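In what follows, a structure is listed as structure tokens, so that the remarks can point back to it.
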């Protein structure tokens, strides 16, 4: 734009142009000239100034730049801070110089100034001796309560703390800093009275619980200047801190210790050995914490190896901890047979034992003296591992059985049908089945696992049953000499090979002839009980010791060693259900459902299913424990004796209207009652019952077991009492036992063999005498009846 001006204005215009170029030095003059020269309104820049601390403005730019930019954009102004760091003047100018009036610019500057004044800077001087402690505490506090609404900086050189930020936050932090300064001053004075004290001869158990209770950690957190050291082994408690705090802390600690209750409880030594393992000890302690029980269990501090200490903060906690401990541990035993004992030398068993002990919270102990394996430890793991142990022996124990057969049948099976026997062996190779001819050639010896024998016997029975026999009398003159001469045997051999049979010539006409028939449903294959000894009481009651299988015993009733839930899952109980059928378990389950579990000493009678007896008496025997062993050693009578005698007496009462009953060594298996004690108590119960019930129908009682040690215990107890009695009889040849008119038969697998007394020929007539059922005899033209 061009102006027509008088010549005297030329000088003034050039001066205005110089002022524009040097606005900072000549601005005041232009502002003075502007009211008198309206044509300069668009040329002169409007400005105003605001006083502000440069450090505050720098903080705003760094931490609140967005807010500052929004204010500048809203006011449509721009700012410039003096380059001199010591200055505190901010120049404000509009972004649109044409529209803003001086008044409007002042209003915008006021709004901007109000925003800037919402921030402030505060400084506090701190004494040199506490400056470092305050700085350290403040930094620790700031790491937790970090905020961007203020900035705190410590000047080590000037011992100065500076706070910059919004006014409200600066005032708040300034007050916190002043409180911290006062706190540090008080702490400094407090630390001048620090002392250290030690309390000795505090029981280790109480110090252990004190340390584990968390009280020491809480006290350390509550009192910063307090130090607590617990030495359980040295039975020492050390405290260090200001004197005024020490007295207060000691009072709280000893109040806690004085309320602690210790209780000694007994556990089997094998269980305690497992509990001492660090991982098992931690498991028990975690279990107590989960249940909210403030107690600890200490091992190795009792007077004997069977004692542990339960330490709780009060009597209730101690009792609860003791109950939890008793429920958390268990010990089960597996009786070893002679065949089981052989497996223990196998490396596979050692690997299994090591694997179980490393994976589970249990210990496996082999007691060769009592032929028992103990599984001890945490209840949950004991149950699982006990099944593994039983399955191991079931799968790896090699059992032996001999099936008695005729010489001819034995030869036929081993020679003619050898391929069939080999086929069975191949089929059951994983069960280690082996079959061979007995030493006297009158039977087949079988060896293998229990599963293998169970599968093998039916197949072998079928082969034996399929063997056909016949006898041909030789009456023609010279034939006897021919067959016993050189050519006869060769002819017989050729005949055998041609017809795949076995021919046995007999020189004596009276040689026994075997008559073979199939076993009836009631006959038990391969079972031959041994009568060891017997005694007839004054009441004419016969007591016999028998080694055999109670599930095959021909008596009117058998006694089952059951548990309180009548859950027949192991040992004799499982064998009874396996042989008798599932209906036995079903009847017991229904009884418990309707009437509840049985107590120790109680009995329940069920049907016998497929067993040869008529009923099963389920008797709940007692469980042996460490307390019972201790009482027995002290010459006292443990409650287990009373419970066992009551169980046997109850069983005899149930059988009082029957003729015969078989009783095993109740509670001597997994329940752990010593066998000699078991035999003594059972025999006491039997004799007392006979004396009290002389006229009852029950007249024969079999004390029976398949375990050698149990049979030996029964036998020794009988000898000790009755060896000098006239009615005591020891069966030295171990003859089969006969009960109530049932004639014992010589049993083989699948066949029952009876022999003729004599067979001979007289006057052209062949006479054969044999034992059998005359009514079933076939092919006879005449039957002679004898009276």
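Values quoted throughout were computed directly from the atomic coordinates according to the rules given, and no laboratory measurement underlies them. Computed from a predicted structure; not experimentally measured. Quick reminder, even Gly has a Cβ in these numbers, built from the backbone with ideal geometry, and neighbours come from all protein chains shown.
Once label points are set 7 Å from the Cα along Cα→Cβ at both residue 123 and residue 567, what is their separation, rounded to one decimal in nm?
8.3
Looking at segment 549-706 only, what percent of DSSP beta bridges run antiparallel? Nearest 5 please.
Details: 5 of 17 bridges.
Counting only bridges with both partners in segment 549-706, antiparallel ones make up about 30 percent.
Round to the nearest 0.05 the FRET efficiency obtained for residue 614 and residue 491 when R0 = 56 Å and r is the Cβ-Cβ distance.
It comes out at approximately 0.50.
With a 10 Å radius around each residue's Cβ, average the other Cβ atoms per peptide and rank 679-686, 659-666, 393-400, 696-703, highest first. It would help to have the intermediate numbers written out before the result.
Values: 679-686: 22.9, 659-666: 24.5, 393-400: 16.5, 696-703: 20.6.
Per-residue mean Cβ counts within 10 Å order the peptides as 659-666, 679-686, 696-703, 393-400.
Quote to one decimal, in nm, the extra length available between residue 345 and residue 395 on full extension: 0.36 nm per residue of separation minus the C-alpha distance between them.
16.5 nm
Explain nothing, just the number: relative contact order of segment 119-191, from Cα pairs under 8 Å at least 6 residues apart, as a whole percent.
Result for segment 119-191 is 41 percent.
What nm value, rounded to one decimal, do you get for the distance between residue 111 and residue 157 when each label is placed 7 Å out toward the C-beta?
Result: 4.2 nm between the two label points.
Enumerate the residues in segment 200-223 having an amide nitrogen under 17 Å from the point lying 7 Å beyond the Cα of residue 264 toward its Cβ.
Taking a point 7 Å out along Cα→Cβ of residue 264, the residues of segment 200-223 whose backbone N falls under 17 Å are 203-206.
What ratio of Cα Rg to 2.2 N^0.38 Å holds for segment 524-595?
Output field value: 1.36.
Quote the FRET efficiency, to the nearest 0.05, computed for residue 369 versus residue 429 with a Förster distance R0 of 56 Å and r equal to the Cβ-Cβ distance.
0.95
Rounded, prolate or oblate: which fits segment 262-396 when a ≥ b ≥ c are the square roots of the eigenvalues of the alpha-carbon gyration tensor, with rounded for a/c under 1.5 and prolate only if a/b beats b/c?
The shape class here is prolate.
Suppose the chain between residue 231 and residue 657 were pulled fully straight at 0.36 nm per residue; how much longer would it get relative to their current alpha carbon spacing?
146.3 nm
State, as an integer percentage, the relative contact order of segment 262-396 based on alpha-carbon contacts under 8 Å between residues 6 or more apart.
Reported as a whole number, the value is 25 percent.
Answer rounded, prolate or oblate for segment 119-191, using the Cα gyration tensor with square roots of eigenvalues a ≥ b ≥ c: rounded when a/c is under 1.5, else prolate when a/b is larger than b/c, else oblate.
Verdict is prolate for segment 119-191.
Using 0.36 nm times the number of residues separating residue 454 and residue 93, minus their current alpha carbon distance, what extension gain do you get?
Going from the current span to full extension adds 119.0 nm.
Applying a 10 Å radius around every beta-carbon, put 323-333, 68-78 in order of their mean neighbour count, most first.
The peptides rank, most packed first, as 323-333, 68-78.
Could you let me know the centre-to-centre spacing of segment 119-197 and segment 653-706, using Cα atoms, in angstrom?
What the calculation gives is 89 Å, centre to centre.
Please say if segment 549-706 is rounded, prolate or oblate, where rounded means a/c under 1.5 for a ≥ b ≥ c the square roots of the C-alpha gyration tensor eigenvalues, and otherwise the choice is prolate for a/b larger than b/c and oblate otherwise?
It is oblate, given that a/c is not under 1.5 and a/b is not larger than b/c.
May I ask you to list the residues of segment 233-266 whose amide nitrogen lies under 12 Å from a point 7 Å from Cα along the Cα→beta-carbon direction of residue 204?
From segment 233-266, the list is 233-236.
What residues of segment 558-579 lie in the reach of a label at residue 605, counting those whose backbone N is under 15 Å from a point 7 Å from the Cα along Cα→Cβ?
558-560
Per-residue counts of other Cβ atoms within 10 Å, averaged by peptide: what ranking do you get for 268-277, 631-640, highest first?
268-277, 631-640
For residue 218 and residue 595, what does the FRET efficiency come to when R0 = 41 Å and r is the distance between their Cβ atoms, rounded to the nearest 0.05?
After rounding, the FRET efficiency stands at 0.15.
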